[in-house]
Structures are given as structure tokens and as C-alpha cells.
Amino acid sequence: MVDIQAQFDLNLRKSIKKKKQVAIIPIGSIEQHGPHLPISTDSDIVTEVAKRLSEMKGYLLLPTITYGVSFEHAPLFNLSIRESTLRTILIDLCSSLLMNNIKTVFIINGHHGNLKSIKNIDVKLQKISKNKLKVFPLSYWHFMKREFDHAGFVETSLMLAISKNVKMKLAKKGLITDGMKKQEIKILGKLANQSFPKATKNGIWGDPTKATKKDGKTILAEIIKNLGKKCQTCLTERSL
């Protein structure tokens, strides 16, 4: 892994000149995650995912963009930026990377509310760069078998695996969709996108009470393995 924050100008420029570099930009959020997880949860998890992916592949790791689009969590706590703001930041960063001769970028997303900001950003940047820049926006939860949640079993297990800042004694069940029809869950999902507290009053989607560090390590390993394969496929433009 090459943590770009810790690099020195001369060494970094030599490295880029010597080898075609691939960069990773992790994006998360600052928002409520129930009473048992810190508001930095999305940023913490995606930072760890990006770090491990960078270590495995030798990519350049950029600092995490810790603010995301989380207005739907109001009046529960969130620090949010607009969809257009996040998109502009990402476009500027990718364009700046190209100016430094880094032509391949993976945007690793850790928050559902950021999806609109990264939608078709690869096409837009390809047009802006006149096909000189390749950008691949990927959301890490698409690379695991389990259904994603919010402060539920998955996120809580992942946080137990990477952080000591989890208060399991405060963990409570939230919205449980087991046994619901797909249409019911879809309707609740749309409601949550508009107002998360209207879908689940305590801000939790799922059941975190049975989450474990062991499960978190297993899920994280699965994500890294599958995400690594996807990145390789993107680079070679063929399925492995």
C-alpha cells in the first residue's frame, strides 16, 4: 500500500513516472448509527476496506472524504453535503490525479446516500478527460452475500472487527424486515431514502444485538476478496 498522505513529492513523482499508478478515493459519511455505533461508522468502514484493498493491490490510497449526503437522517444527527458538492469534489480530485499522470481511479463508496453523486461519474469524467481517465465507482456492500443494513448486524460486526469504539450494551433491534414481502421492503426503502427516522424510529435497520467480531472479520475478508477481483476485472476489461 502507498498511503499518499505520507509520501514525499520527489519520491512520489519518481514512482508515478516509473509505474502506471492506480488510485483509490474512499467516500463515507458522518451520520447517526443508533446508540451503539459512532457517527463516523461509514467513513471508518470504507477507510478500512480501501486500506486493505490498497495493501493487497499496491494502489495509491487517498484520504477518505468523510462527509457524505445524509440529509435523510434528520432530525437525527448528520453533517451533510449536497449531491452536487460531493460530485464536484470527486470530479476535481480525479481531474487533479490525471494532471499528475494518474489515469486510473477507483471510487470506493461506503454510504448509500452517496449513490446519486457517483452515478455515471465515470462517463462524465471520461468525457471531460477526452478518454484519458478511467474511473470506476464501486460500493463495498455489493461485494458480500449478506443483505446490507444500517447499524444492524453487518455494520456492527464490521465495526467490532476494526474498532474499539462500539458500545454493544446499548445495541437494540431496529427495523426487522424478515418475513416481509419484497414490495413492502421496497416501500420502506423509499421511505428511508426520504426520512430514515420515519422508517425506523431508533435509526437502526436490522438487529445488531447478535453481531460479533468474528463475523465482522469474515464479512470484511469476503468484501476485500470480491472487491479485489472486481478491480482486477475493471483493469483487464475481462472476467477472471
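Worth pointing out:
- Looking across region 207-240 at every residue that is in a loop (DSSP other than H, G, I, E, B) and among the hydroxyl-bearing types (S, T, Y), the one that is nearest to G34 (Cα to Cα) is identified as T209.
- Residue within region 8-27 that is of a type outside the set (D, E), under 19 Å from the mean Cα position of the chain (by Cα) and not in a strand (DSSP E or B) present: no
- Failed criterion for N131 (all others in (1) of a type in the set (S, T, N, Q); (2) more than 23 Å from D44 (Cα to Cα); (3) in a helix (DSSP H, G or I) hold): (3)
- Against the list (1) at pLDDT below 95; (2) closer than 30 Å to K198 by Cβ, the condition P38 fails is (1).
- Taken over region 113-133, the residue count meeting the criterion of being crowded, with 19+ Cβ neighbours inside 10 Å and touching a residue at least 40 places away in the same chain (Cβ under 8 Å) is 4.
- Of L86, L97, all but one fail to be over 19 Å from D42 (Cβ atoms) and surrounded by 21 or more Cβ atoms within 10 Å (Cβ to Cβ); the exception is L97.
- Among the residues making up region 114-137, those that are farther than 21 Å from K20 by Cα and in contact with a helix residue (DSSP H, G or I) (Cβ under 8 Å, 6 or more places away or on another chain) are N114, K116, S117, I118, I121, K124.
- Residue within region 141-151 that is of a type in the set (D, E) and either over 20 Å from the mean Cα position of the chain (by Cα) or in a helix (DSSP H, G or I) (or both) present: no
- Any hit, region 190-204, residues being β-branched (V, I, T), assigned to a strand (DSSP E or B) and either under 19 Å from the mean Cα position of the chain (by Cα) or over 28 Å from L53 (Cβ atoms) (or both): no
- Within region 78-111, restricting attention to residues that are free of Cβ contacts under 8 Å to residues at least 40 places away in the same chain, of a type outside the set (S, T, N, Q) and assigned to a helix (DSSP H, G or I), the residue that is nearest to K132 (Cα to Cα) is L98.
- Region 32-61 residues that are within 12 Å of A151 (Cα to Cα), paired with ones that are hydroxyl-bearing (S, T, Y) (beta carbon under 6 Å, 6 or more apart): H33/T41; D42/S29
- Restricting region 134-153 to residues that are modelled with pLDDT of 95 or more and among the aromatic types (F, W, Y), the residue that is surrounded by the fewest Cβ atoms within 10 Å (Cβ to Cβ) is F143.
- Remark: K169 falls outside the filter, which requires a residue to be out of contact with any helix residue (DSSP H, G or I) (no Cβ under 7 Å at 6 or more places or on another chain), of a type in the set (D, E, K, R), assigned to a helix (DSSP H, G or I) and under 21 Å from G113 (Cα atoms).
- Taking each residue of region 177-196 that is over 19 Å from D207 (Cα atoms) and modelled with pLDDT of 95 or more and looking for partners that are in a loop (DSSP other than H, G, I, E, B) and not aromatic (F, W, Y) with beta-carbon atoms closer than 8 Å, six or more apart or interchain, yields S195/A74.
The values are calculated or read from the model by the stated rules, or taken from the named source; none is laboratory data. Every value quoted in this text rests on a predicted model; they were computed, and no experiment measured them. Cβ atoms come from the backbone with ideal geometry, glycine included; neighbour counts cover every protein chain shown.
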